[in-house]
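S.K.: This structure is in structure tokens; I'll ask about it shortly.
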Amino acid sequence: MLVVETSLSARLLALTGIGLVTACAIGAFPTPSLAQEATKSTSDTWVVTLGTTVEYGPSYEGSKRYTFGALPSFDFYRLGEAPEYSAPDDNFDYTLFDLGSLEIGPVVGLRDDRLDLNNLHIQSQRRVRWNFDAGGFAQYWLMENQLRLRTEVRQSLWGGDGLVADLALDWFQPVGNKLVLSAGPRMSLADTTYMRSNFGISAGQAARNGHVSAFDAAGGLKSVGFTVAATYTITPQWSVQVYEKYNRLVGDAADSPITSRFGSPDQNMIGFTLNRTFNIDF
């Protein structure tokens, strides 16, 4: 996960900026469905939600050492549109095609600092640093605003950190007017570039260490897990969310010495998010 550093505010601004640029670029090339939606809604007011999340979880993917970290969140929709439920591990997205129960569009995410092999005594300066990734998402509401199937496919924007595909099924359950509970299983896949970058050990690294064998991690299924969350609306402007995400590394991600010798395949994160919602008029 992303360890809190002095540059966190810069990362928050960068992520928010990319989200705004993406939204503006999408708005410049409207699709027929978007044009129809614009005709239906004449409001020039947008509802924007900014949030900050504090997490406690593994210091990198596969680690058994836990640290605190922070992540930003951002969402917006036109006033008058019905907001949809979302899960805490959804990345920033924008719906380009709204086909009733099916929604498709671009998605942008933030990849955390992953690993410093010096900490694993492999005597290497290699480190997988924080990165943005981008790609597409598709989600289908099996039951309107209650049962959702979602997938995201994202490629790192620099650094050659590879491609990941996440699949999720979520059940959303309102309790009264202010509390929403959600839960659902998770599955994550990654290509060979991602797996080698995060879980592979080269022959040179193994030779310098002398106690670890080289490991060539191949692409495929990376983890399975489960996410639960509770969101409480304090006022129309303020809301809070608590959640827990558990992932079990499998395949080469679990077999790698980075996980099996130095870390743990069990990855558990607990998070708390504070959201502020406000209106912007254009």
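The values are calculated or read from the model by the stated rules, or taken from the named source; none is laboratory data. Just so it is clear, the model here is predicted, and its values are computed rather than measured. Virtual Cβ from ideal backbone geometry, glycine too; neighbours counted across all protein chains shown. For the accessible areas, the whole protein counts, side chains as well, though only heavy atoms, and no ligand, DNA or RNA atoms are used. Shrake-Rupley method; radii C 1.70, N 1.55, O 1.52, S 1.80 Å.
S.K.: Would you point out which residue out of Thr192, Thr233, Thr277 is in contact with a strand residue (DSSP E or B) (Cβ under 8 Å, 6 or more places away or on another chain) and open to solvent by 40 Å² or more (accessible area, probe 1.4 Å)?
M.R.: Details: Thr192 fails: in contact with a strand residue (DSSP E or B) (Cβ under 8 Å, 6 or more places away or on another chain); Thr277 fails: open to solvent by 40 Å² or more (accessible area, probe 1.4 Å).
Exactly one residue qualifies, and that residue is Thr233.
S.K.: Give the residues of the stretch 167-184 that are open to solvent by 60 Å² or more (accessible area, probe 1.4 Å) and either in contact (Cβ under 8 Å) with a residue 40 or more places away in the chain or over 14 Å from Ala87 (Cβ atoms) (or both), sorted by residue number.
M.R.: Of everything in the stretch 167-184, those that are open to solvent by 60 Å² or more (accessible area, probe 1.4 Å) and either in contact (Cβ under 8 Å) with a residue 40 or more places away in the chain or over 14 Å from Ala87 (Cβ atoms) (or both) turn out to be Val175, Gly176, Asn177, Lys178, Leu181.
S.K.: Confirm whether Met195 is in contact with a Gly (Cβ under 6 Å, 6 or more places away or on another chain) and within 20 Å of Arg111 (Cβ to Cβ).
M.R.: yes
S.K.: Between residues in the stretch 219-236 that are within 12 Å of Asn268 (Cα to Cα) and residues that are surrounded by 16 or more Cβ atoms within 10 Å (Cβ to Cβ) and of a type in the set (Asp, Glu), which pairs lie under 7 Å by C-beta distance while being six or more apart or on different chains?
M.R.: Listed pairs, sorted by first residue: Thr227/Asp89; Val228/Glu244.
S.K.: Can you tell me how many residues within the stretch 208-230 are surrounded by fewer than 19 Cβ atoms within 10 Å (Cβ to Cβ), over 17 Å from Ser256 (Cβ atoms) and among the hydrophobic types (A, V, I, L, M, F, W, C)?
M.R.: The qualifying residues number 3.
S.K.: If you don't mind, there's one more thing I want to ask. Could you pull out the residue among Tyr85, Tyr77 that is open to solvent by 40 Å² or more (accessible area, probe 1.4 Å), in a strand (DSSP E or B), among the aromatic types (Phe, Trp, Tyr) and at negative phi?
M.R.: Going through Tyr85, Tyr77 in turn, just one is open to solvent by 40 Å² or more (accessible area, probe 1.4 Å), in a strand (DSSP E or B), among the aromatic types (Phe, Trp, Tyr) and at negative phi: Tyr77.
S.K.: Test of understanding: among Asp113, Asp89, which residue is touching a Phe, Trp or Tyr at 6+ places or on another chain (Cβ under 9 Å) and either of a type in the set (Phe, Trp, Tyr) or at pLDDT below 90 (or both)?
M.R.: On the way: Asp89 fails: either of a type in the set (Phe, Trp, Tyr) or at pLDDT below 90 (or both).
Checking each option against the conditions leaves just Asp113.
S.K.: Could I ask something else about it? When the residues of the stretch 236-274 are filtered to those that are of a type in the set (A, V, I, L, M) and within 24 Å of Asn209 (Cβ to Cβ), which remaining residue is most open to solvent (accessible area, probe 1.4 Å)?
M.R.: Selected residue: Ala254.
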